[in-house]
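Q: Here it is: the structure, laid out below.
The values are calculated or read from the model by the stated rules, or taken from the named source; none is laboratory data. Quantities reported herein were computed from a predicted structural model and do not represent experimental measurements. Neighbour counts run over all protein chains shown; Cβ positions are idealised from the backbone, glycine included. These area figures cover heavy atoms from the full protein model, side chains too; ligands, DNA and RNA do not enter into them. Shrake-Rupley method; radii C 1.70, N 1.55, O 1.52, S 1.80 Å.
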Amino acid sequence: MSAFNAIGEERDIDRDEYTPGIEPQPTWCPGCGDFGVLKALKQALPEVGRTPEETLLCTGIGCSGKLNSYLDTYGFHTIHGRSLPVARAAKLANPGLEVIAAGGDGDGYGIGGNHFMHTARENHDMTYIVFNNEIFGLTKGQTSPTSPKGHKSKTQPSGSAKTPIRPLSLSLTSGASYVARTAAVNPNQAKEILVEAIEHDGFAHVDFLTQCPTWNKDAKQYVPYVDIQDSDDYDFDITDRREASEMMYEAEDALHEGEVLTGRFYVDEDRPSYQEEKKAIGEMPEEPLAERYFDDDYDWDQKRSYDLLDRHV
Amino acid sequence: MTDDELIWRIAGGSGDGIDSTSQNFAKALMRSGLNVFTHRHYPSRIRGGHTYVEIRAREDTVKSRGDGYNFLLALGDSFARNPKENAYYGEEEIKPLYENLDELREGGIIVYDSGMLDTDDVPNFDERAEENNWHVFDINLRELAKEHGREIMRNTAGVGVTAALLDMELGEIENLMEDAMGGDMLEANLNVLHDAYEMTNEEYEFEHDLRVPTGDHDEEQVLVSGSNGVAYGALDAGCRFIAGYPMTPWTDVFAIMSQNLPKFGGISEQVEDEIAAAALAVGASHAGVKSMSGSSGGGFALMGEPLGLAEMTETPIVLIEAMRAGPSTGLPTKPEQGDLESILYSSQGDSNRVVFAPADPAEAYDQTRMAFKLAYDYQIPAIVIIDQKLSGENRNVPKSFFDRPVDADPGSVLTEEELAEAAHDESGKFNRFIHETENGVAPRSLPGQKDGRYLATGNEHNKAGHIDEDPDNRVAQMSRRMSKLVSIREELDEEHESQQSYRGPEDAEYGLITWGSQQGTVEEAVDRLNERGVSVKSIGVSDMMPYPEQEMTEFLESVEEAMIVEMNATAQFRGLTQKELGQFGEKLTSFLKYDGNPFEPEEVVEAFEAQINGADESPVTRTEIRPAAGD
């Protein structure tokens, strides 16, 4: 008998199931874009058919990290920048789980930048949502890796001398097999993109533009946005790396100039996920490892070998 | 110190096959019935540079490398012979010969490869050989190897010569070669071996007395290193997930696990850095797999963050810390016990972790198993400390020692039936972090289980895992988490055999205290001191946290004075002892060494005798005596 009966359970799921019975008072500011991510996730998860109990949401630190408190799934609120290594190991340990990681732009592109690059490179089968508001919010308004050049804050009083990170291009270059950008001000697109991202078999990165009405008053509020898939002005093949790359470059330049281009930028359905790659070389078990500890029929001792003792590396 | 033992040293350049040759030779000696111990010395370099391995073999149990040695096989450094690199390598070429002579005992044997080395280059070689009565054999191993195989087989030729000079049978050596290789390679090596053996017997006269000692084991033995002990302990503890980043000397454990986990149906991940490595261990464990990570000092420093996360979220993980000399990158291939305080206290907040420091490969196996058991039963991180010395040294252990079932128990995890009955809070979440428990352990659920939803967070949290800063809740959660160490101490004291090791007469007047990898050396010193009429006993401590307060108090109450022997400059274990016990400061002196080399038994003997005679300076160079608090 499985120890994880919630996994793979097929039933109708009400979006209210994702709302905690007693909802903690959100500590996000009125008008915060983070509400948009919460709402889109609550809509997307039932549509994909994943129950709260088979979903593991790993978050980082900051306003985005509080997502866990308002979305009633299994949750792991980790530490600043570390949501990805925790999340991808959980997925390796139990591939039946729907693993979603979320963090902010400081969290994901700054302190966690190395993990972002490598998780994308390995193409782990998971979804990564970055709340991008171009600012450190919870620590009160410092310049972040996505803040525009010249951005002034208490820690960068003369204005930042750095050009901002290009999250979409970085993601593509690193190896993500699904890259999209959406915005909290565009709830319908946000939900659709999250559904696609969650269903995608590989590393799906969603750069989620979330306005910060408190600390980033000067920032564009991401309106008006343009949906590149709906617009006749943008025609490119989202499965072609080169064309996707050019489109991303354009979108990232445009954002600095106040034009918000959103939509799917790159989708590669053919690239095997990391787990499949590992299975192919014989380094990933067929059955979920986490199940094995509850499998009374599994013979642990049969696999023992003394070879190791007498062999030296 | 007597010659009822063989201490064979093979010296040459890194990459010349010194390691594999010595391991096979050690196994051959072990299989012929002897007890063996190997000691590895190598530079932080891939190829070339002076390296040696020592094998000590005797009939009695052997606990340390001993002092000095009595057989040198000097191969020369083939990588130093690249003429283009002369300027860089300098004297490297003859180092394998002259750098080893200081420790060669009187009457010892030198076999050197005259195809690679020239004694004319070694200052005063002939005078020294005569003075010390060394038996010198200049043999062109390079030519011998070339004739029947390839030049690289100089090591095999050296083993053939060794066997002839020591009047050994070749049988076990041949068997091991057959296990390790096949085809033309095997044939060539066997030819080289026999040729060297016969040539030595035919062409040389032996005047030396040194022979291979004889011994007889009651049961089959295996040759195990500290790294093997840790890795096999982890596998037998049901560990099926490891994440790591390479760093010497931790890499050995990581590599052994990576090579074996797929065979055991597990997963190994080499990741981007040590923060990720420990965070992956946390993630895999959170999802229900017994998991581990580890590193050496510098990498472990990065793990402080996820280590603290594991403490706060009560996620069981096991970390291995294979110490090398610090600070910073320090001496990359040399041992030290300088990371103890960082292992005990790194990460923010109050430390809440289990820390063991095994003394030898068998203990490494045992205590890694125990670390997993406690980590998963108590949902607490456990750290096993080894060091560069222990990780690379091999000892023979009866095979039956490892004949224990795999411990697949994931610890305090509830079933879905139990979760359905368990308390949930108003928000619908499982009360995973209840305040009141018997032993501090609040049973957990795993993601994917019905009725088990909760939030794990590095922030302080309430019963269901919601972030909570209420002072009463904070105190209840902290107190419960910290009480685990008390329960673990009680369990260790009451239900398990002591992990501390004792040596010497119980009613001894004096005490020697040590921890981790120096235990065998100190125990040998205790034996020698008692033979010389000094009444002394030792305790080798393995439990760093929770500290074995009862055992240490009893030990210290029973002796007049005690000397703590450890490989660091600031007496870290003595500091811990005085902090934990709050007394005995006036009884404790320290004997410290931090030059990159482990203690030798005679050093400990000399320092101890000096101390009880009231000396305040160490009689041994490059060591230090730190007086008692009252002195």
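Q: Among the residues of segment B:342-349, are any among the aliphatic types (A, V, I, L, M), in a strand (DSSP E or B) and more than 14 Å from chain A (Cβ to nearest Cβ)? Give the steps one after another, and end with the answer.
A: To start, the set of residues in segment B:342-349 that are among the aliphatic types (A, V, I, L, M) comprises B:343-344.
Now narrow it down to the ones that are in a strand (DSSP E or B): none.
No, the conditions are met nowhere in segment B:342-349.
Q: Same structure, new question: Which ones in segment B:397-408 are within 8 Å of chain A (Cβ to nearest Cβ) and open to solvent by 40 Å² or more (accessible area, probe 1.4 Å)?
A: B:K399, B:P405
Q: From the list A:S169, A:S231, A:S273, A:S174, which residue is within 14 Å of chain B (Cβ to nearest Cβ), small (G, A, S) and either open to solvent by 50 Å² or more (accessible area, probe 1.4 Å) or out of contact with any strand residue (DSSP E or B) (no Cβ under 6 Å at 6 or more places or on another chain) (or both)?
A: Numbers: A:S169 fails: within 14 Å of chain B (Cβ to nearest Cβ); A:S231 fails: within 14 Å of chain B (Cβ to nearest Cβ); A:S273 fails: within 14 Å of chain B (Cβ to nearest Cβ).
That would be A:S174, the only listed residue that is within 14 Å of chain B (Cβ to nearest Cβ), small (G, A, S) and either open to solvent by 50 Å² or more (accessible area, probe 1.4 Å) or out of contact with any strand residue (DSSP E or B) (no Cβ under 6 Å at 6 or more places or on another chain) (or both).
Q: While we're here: Give just the number: which of (1) in contact (Cβ under 8 Å) with a residue 40 or more places away in the chain; (2) more than 19 Å from B:E143 (Cβ to Cβ) does B:M199 not satisfy?
A: So the condition that B:M199 fails would be (2).
Q: Given the conditions (1) over 13 Å from A:I129 (Cα atoms); (2) surrounded by fewer than 23 Cβ atoms within 10 Å (Cβ to Cβ); (3) out of contact with any Pro (no Cβ under 6 Å at 6 or more places or on another chain), and given that A:L45 satisfies all but one, which numbered condition is not satisfied?
A: Exception for A:L45: condition (2).
Q: Something else: In segment B:344-396, how many are within 15 Å of the chain's Cα centre (by Cα), open to solvent by 10 Å² or more (accessible area, probe 1.4 Å) and hydrophobic (A, V, I, L, M, F, W, C)?
A: 1
Q: Could you list, in sequence order, all residues of segment B:450-501 that are hydrophobic (A, V, I, L, M, F, W, C) and either part of a helix (DSSP H, G or I) or surrounded by fewer than 20 Cβ atoms within 10 Å (Cβ to Cβ) (or both)?
A: As a first pass, look at segment B:450-501 and keep what is hydrophobic (A, V, I, L, M, F, W, C): B:455-456, B:464, B:467, B:475-476, B:478, B:482, B:485-486, B:488, B:492.
Within segment B:450-501, B:I467, B:V475, B:A476, B:M478, B:M482, B:L485, B:V486, B:I488, B:L492 qualify.
Q: Does A:K66 count as within 14 Å of another protein chain (Cβ to nearest Cβ), at pLDDT below 95 and in contact with a helix residue (DSSP H, G or I) (Cβ under 9 Å, 6 or more places away or on another chain)?
A: Details: within 14 Å of another protein chain (Cβ to nearest Cβ): yes; at pLDDT below 95: yes; in contact with a helix residue (DSSP H, G or I) (Cβ under 9 Å, 6 or more places away or on another chain): yes.
Criteria met by A:K66.
Let's see how each residue does on (1) touching a residue at least 40 places away in the same chain (Cβ under 8 Å); (2) over 30 Å from B:G465 (Cα atoms); (3) within 11 Å of another protein chain (Cβ to nearest Cβ); (4) touching a helix residue (DSSP H, G or I) at 6+ places or on another chain (Cβ under 8 Å):
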{"position": "A:I79", "(1), (2), (3), (4)": "no, no, yes, yes"}
{"position": "A:E122", "(1), (2), (3), (4)": "yes, yes, yes, yes"}
{"position": "A:T127", "(1), (2), (3), (4)": "yes, no, no, yes"}
{"position": "A:N132", "(1), (2), (3), (4)": "yes, no, no, yes"}
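Q: When both residues are 6+ apart or on different chains and their Cβ atoms are under 9 Å apart, which pairs have a first residue that lies in segment B:129-142 and is on the phi > 0 side of the Ramachandran plot, and a second that is part of a strand (DSSP E or B)?
A: Close Cβ pairs satisfying both conditions: B:N133/B:E106; B:N133/B:G107; B:N133/B:G108.
Q: Which pairs turn up if I take residues in segment A:15-34 that are within 14 Å of another protein chain (Cβ to nearest Cβ) and farther than 17 Å from A:L45 by Cα and look for partners that are open to solvent by 50 Å² or more (accessible area, probe 1.4 Å) and part of a loop (DSSP other than H, G, I, E, B) with beta carbon separation below 8 Å, at least 6 apart in sequence or on another chain?
A: Here the result reads A:G21/B:E426; A:I22/B:E426, each pair linking segment A:15-34 to a residue that is open to solvent by 50 Å² or more (accessible area, probe 1.4 Å) and part of a loop (DSSP other than H, G, I, E, B).
Q: Then there is this: Filter segment B:235-254 for residues that are open to solvent by less than 10 Å² (accessible area, probe 1.4 Å), in a helix (DSSP H, G or I) and at the interface with another protein chain (Cβ under 8 Å from one of its Cβ atoms) and give the result.
A: B:L235, B:D236
Q: Condition first: surrounded by 15 or more Cβ atoms within 10 Å (Cβ to Cβ), farther than 30 Å from A:S147 by Cα and not hydrophobic (A, V, I, L, M, F, W, C). Can you find one or more residues in segment A:239-249 that meet it?
A: Scanning segment A:239-249 turns up no residue that is surrounded by 15 or more Cβ atoms within 10 Å (Cβ to Cβ), farther than 30 Å from A:S147 by Cα and not hydrophobic (A, V, I, L, M, F, W, C).
Q: Listed residues B:L307, B:L302; which is open to solvent by 10 Å² or more (accessible area, probe 1.4 Å) and more than 7 Å from chain A (Cβ to nearest Cβ)?
A: On the way: B:L307 fails: open to solvent by 10 Å² or more (accessible area, probe 1.4 Å).
Just a single option satisfies the conditions, and that option is B:L302.
Q: Can I ask one more? Touching a residue at least 12 places away in the same chain (Cβ under 8 Å) and under 25 Å from the mean Cα position of the chain (by Cα): is that true of B:S590 in this structure?
A: Details: touching a residue at least 12 places away in the same chain (Cβ under 8 Å): yes; under 25 Å from the mean Cα position of the chain (by Cα): yes.
Spelling it out, B:S590 is indeed touching a residue at least 12 places away in the same chain (Cβ under 8 Å) and under 25 Å from the mean Cα position of the chain (by Cα).
Q: Out of all the residues in segment B:327-343, which are free of Cβ contacts under 8 Å to residues at least 60 places away in the same chain and open to solvent by 30 Å² or more (accessible area, probe 1.4 Å)?
A: Within segment B:327-343, B:P327, B:S328, B:T329, B:G330, B:S342 meet the criteria.
Q: What are the pairs with Cβ atoms under 6 angstrom where one residue, in segment B:31-52, is under 15 Å from B:A74 (Cβ atoms) and the other, located anywhere, is part of a loop (DSSP other than H, G, I, E, B) and open to solvent by 50 Å² or more (accessible area, probe 1.4 Å)? Sequence gap at least six, or different chains.
A: Partner pairs satisfying both residue conditions: B:H50/B:E99.
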